[in-house]
Amino acid sequence: MHHFQYKNGELHAEGVAVTDIAESVGTPFYCYSTATFARHFNVLSEAFGGTDHLICYALKANSNQAVLATMANLGAGMDVVSEGELRRARAVGVPGYKIIFAGVAKTKDEMAYALSENILGFNVESRAELEALSAVAAANGQTARIAIRVNPDVDAKTHAKISTGKSENKFGVPFVDAAELYDLAASLPGIQVTGIHMHIGSQITDLTPFRQAFGLMRSMTLELRERGHNLEHLDLGGGLGVPYSSSNDVPPPPADYAAIVKEELGDLGLKYVLEPGRMIAANAGILVTKVIYTKSSPAKHFTIIDGAMNDLIRPTLYDAEHEIWPVREELRAEPNIIQDLVGPVCETGDYLALDRALPEFREDDLVAFMAAGAYGAVMSSTYNTRLLVPEVLVNGSQFAVVRKRQTYEELIDLDTIPDWIARP
Ligand code: LLP
């Protein structure tokens, strides 16, 4: 459920008309709903009510400072995957003890910085990383709390590019090697074993792979206890999907997910750490674009909009089908033209929708791409020297620009021309 609805014939974000924002900031822009972020966080939190848990929002999904502050005020910790993300979380005041650091390639500098922020834990993905972390921590007289990311070799039944829990994926340590690595970890200076981590993929809409993974997590917990390890938490990863427009994209309710967790792991007496990104942020954001032209070929009808693959790469990269809502409600009555929505980027892969039954759009119509709050703005680029688009946060009847549109000067001035090249 989200807070983008039609009122008086026009799409609104909570109490604000999308056309008012468009007039104020121009198009394209991302628009986020505070109430929707809060709702998703609270639904998940309630599903785990009565358990000892910490929701560490995976800020890779949407790391705007205003969004992070909103999440932090709801009580969220953060799951970060780079020094930059850790700095973002710290910049809005998330305390280190609520931050988990994941990722296969943490450098020693990143480890040292994270240790200086006294973070809750590192999710370690290899023996080499474990040894490096031990060395960095010991050299500074510190102790790194760690979980080992165990790769359970489970098929998450999601898009190949966002499946992480198969043995051919780069993530984690093979299940069969994990117990020995824990023994090594316990023997290293500068390391304290505190948990087990698994994350099998993203946009998962079937609970079966979760159940398989949590079953394996259970047996790993029991084995580690037998070997004398003292665990404090189980990090369940993120990954619950959201409804996009394809019929494959129907996620289970968070309560059903929580029920599986409790069934598989509930009697172990351990704290849960959750790392949701998409299910918190996706439905809380839309990308608003404007129609520039329309044209038809013998094969296709094209609606050409001012948003492009550089603004929202998900359709091109993951075959994602975002729902498309015209900002003027009356257009919804006649979705009778099969068409592609394409942008200005000079690539055939530049589309935001393919072969969709939608209304006949006209120049200057506003078109919203739904569920774009996760992995939207954060994955945007300036390809074709297109400016990063603004992000707007709505809260009730107020809105604020939480990232302004880049200017051409800012973008072009990032480059420098060495002295040896003559100015034409
Ligand atoms: N934890 C770890 C270790 C992860 O790698 C991820 C996502 C998450 C948590 C959050 O997963 P979520 O709850 O959002 O499913 N750009 C892609 C998604 C990439 C996900 C990467 N890892 C997309 O737009 O579909």
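The values are calculated or read from the model by the stated rules, or taken from the named source; none is laboratory data. The structure displayed is predicted, hence computed values, not measured ones. Cβ: placed from backbone, ideal geometry, glycine included. Neighbour counts: every protein chain shown. We work out accessible area using only protein heavy atoms, side chains counted, and drop any ligands, DNA or RNA first. Shrake-Rupley method; radii C 1.70, N 1.55, O 1.52, S 1.80 Å.
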Yes or no: segment 148-161 includes at least one residue that is out of contact with any Cys (no Cβ under 6 Å at 6 or more places or on another chain), modelled with pLDDT of 95 or more, over 21 Å from residue 82 (Cβ atoms) and surrounded by fewer than 22 Cβ atoms within 10 Å (Cβ to Cβ). no
Test residue 422 against the stated conditions and say whether it is outside the structural domain of residue 316 (by TED's automatic domain parsing) and without any contact (Cβ under 8 Å) to a residue 24 or more places away in the chain. yes
Identify, please: which residue in segment 231-242 is part of a loop (DSSP other than H, G, I, E, B) and open to solvent by less than 60 Å² (accessible area, probe 1.4 Å) and is, among those, farthest from the ligand (Cβ to nearest atom)? 231
Run residue 358 past the list (1) under 18 Å from the mean Cα position of the chain (by Cα); (2) among the aliphatic types (A, V, I, L, M); (3) within 28 Å of residue 301 (Cβ to Cβ) and report the number of the one that doesn't hold. (1)
Positions within segment 169-197 being within 16 Å of the ligand (Cβ to nearest atom) and open to solvent by 20 Å² or more (accessible area, probe 1.4 Å), in sequence order: 169, 170, 171
May I ask you to list the residues in segment 275-303 that are open to solvent by 10 Å² or more (accessible area, probe 1.4 Å) and polar (S, T, N, Q)? 283, 294, 296, 297
Over segment 357-380, the set of residues among the β-branched types (Val, Ile, Thr) and open to solvent by less than 10 Å² (accessible area, probe 1.4 Å) is 367
Tally of residues being aliphatic (A, V, I, L, M), more than 16 Å from the ligand (Cβ to nearest atom) and under 19 Å from residue 49 (Cα atoms) across segment 60-73: 1
I'm trying to understand the selection: among the residues of segment 362-409, which are polar (S, T, N, Q) and part of a helix (DSSP H, G or I)? 384, 385
Name the single residue that is nearest to the ligand (Cβ to nearest atom) among those in segment 89-118 being assigned to a loop (DSSP other than H, G, I, E, B) and touching a strand residue (DSSP E or B) at 6+ places or on another chain (Cβ under 6 Å). 102
If you go through segment 34-82 one residue at a time, how many are assigned to a helix (DSSP H, G or I), closer than 26 Å to residue 403 by Cα and either touching a residue at least 60 places away in the same chain (Cβ under 8 Å) or assigned by TED's automatic domain parsing to the domain that holds residue 15 (or both)? 11
Under 7 Å between Cβ atoms, which residue pairs at least 6 apart in sequence (or on different chains) link something in segment 326-347 that is within 17 Å of residue 289 (Cβ to Cβ) with a partner that is modelled with pLDDT under 95 and part of a helix (DSSP H, G or I)? 326/332
Report every pair of residues separated by at least 6 positions or lying on different chains whose Cβ atoms are under 8 Å apart, first residue within segment 200-226 and in the same structural domain as residue 275 (by TED's automatic domain parsing) and crowded, with 16+ Cβ neighbours inside 10 Å, second of a type in the set (Lys, Arg) and assigned to a helix (DSSP H, G or I). 202/278; 203/278
Checked 407, 385 against criteria (open to solvent by 70 Å² or more (accessible area, probe 1.4 Å) and at pLDDT 95 or above); the one match is 385
